[in-house]
1. Which one of L48, L68 is under 16 Å from T163 (Cβ atoms), touching a strand residue (DSSP E or B) at 6+ places or on another chain (Cβ under 7 Å) and at pLDDT 95 or above?
2. Could you tell me whether the stretch 109-120 includes any residue that is in contact with a strand residue (DSSP E or B) (Cβ under 8 Å, 6 or more places away or on another chain), among the aromatic types (F, W, Y) and assigned by TED's automatic domain parsing to the domain that holds A84?
3. Among D76, D35, which is loosely packed, with under 13 Cβ neighbours inside 10 Å, at pLDDT 95 or above and over 30 Å from G161 (Cα atoms)?
4. Out of all the residues in the stretch 51-73, which are surrounded by 19 or more Cβ atoms within 10 Å (Cβ to Cβ) and farther than 18 Å from G109 by Cβ?
5. Scan the stretch 94-110 for residues that are closer than 15 Å to E56 by Cβ and within 12 Å of the chain's Cα centre (by Cα) and jot them down.
6. Cβ-Cβ below 8 Å, separation at least six or inter-chain, first residue in the stretch 133-154 and in the same structural domain as T116 (by TED's automatic domain parsing) and modelled with pLDDT of 90 or more, second in a loop (DSSP other than H, G, I, E, B) and not small (G, A, S): which pairs?
7. At pLDDT 90 or above, closer than 17 Å to T163 by Cβ and not polar (S, T, N, Q), is that true of V59?
8. With the requirement that a residue be of a type outside the set (G, A, S), outside any helix (DSSP H, G or I) and within 22 Å of R141 (Cα to Cα), what does the stretch 50-83 give you?
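The values are calculated or read from the model by the stated rules, or taken from the named source; none is laboratory data. Because the structure is predicted, anything quoted here is derived from the model rather than measured. Here the Cβ is made from the backbone with ideal geometry for all residues, glycine too, and neighbour counts use every protein chain on show.
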Amino acid sequence: MPPNTRAAQRVGCTTVEERLSQSVRSAPKVGPNGDAGSPPSVDTSQLLDRSFGRDEIAVLRHEVTSRLAGAGLTGDRQSGFVLAVNEVITNVVLHAGGQGRVVLWLAGGSAWCTVTDSGPGIPARFLKPPEVPETFDVGGRGIWLAHQLCDEVTVATGPIGTTIGLRIALPRRATPA
């Protein structure tokens with residue numbers, strides 16, 4: 001075959017769409033009575049609950065975006081919340097052992113997200129409310145951004161791990177007159 005007509009070779013890479021379709025195909029199809037093949041029982045308040053590692057950051061960003069759009073959060077507020085979630089999960093991968101768990105749900109007119117890791121905890125000097133990072137500081141913007149983009153940020157940390165909670169109010173739906 002001439003060099004310019006060769007088929008493209010894949011070298012261990014998958015696209016976001018392929019990863020999403022793989023996770024949907026591999027999800028167990030168990031109904032509310034435990035019978036296989038029935039439609040899965042869905043708790044509409046919980047939008048996402050999954051473990052993640054370095055390779056799932058982009059997939060998670062797309063999953064969170066999709067779930068929030070379905071819940072009515074769109075535009076700049078959606079983009080900001082997804083960015084905050086992305087920053088927190090990236091911190092888990094870079095600073096807390098590389099793996100964690102993300103849970104996204106709706107309650108009380110808000111979208112909530114917790115990101116949990118089993119790292120060594122956040123040092124006390126980083127637990128103060130974050131100040132604006134200096135222009136040339138390398139890193140240190142993730143939690144600061146989360147505070148700017150979310151309506152609420154909580155941190156629970158200790159020697160066996162950290163959970164960061166993020167909340168953003170959903171838009172009020174217009175009620176018919």
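1. Testing whether each residue is under 16 Å from T163 (Cβ atoms), touching a strand residue (DSSP E or B) at 6+ places or on another chain (Cβ under 7 Å) and at pLDDT 95 or above leaves just L48.
2. Within the stretch 109-120, one or more residues are in contact with a strand residue (DSSP E or B) (Cβ under 8 Å, 6 or more places away or on another chain), among the aromatic types (F, W, Y) and assigned by TED's automatic domain parsing to the domain that holds A84.
3. D76 is the lone residue from the list that is loosely packed, with under 13 Cβ neighbours inside 10 Å, at pLDDT 95 or above and over 30 Å from G161 (Cα atoms).
4. F52, E56, V59, L60, E63, V64
5. G100, R101, V102, V103, L104
6. What qualifies is H147/P129; H147/P130.
7. No, not satisfied.
8. Selection gives F52 alone.
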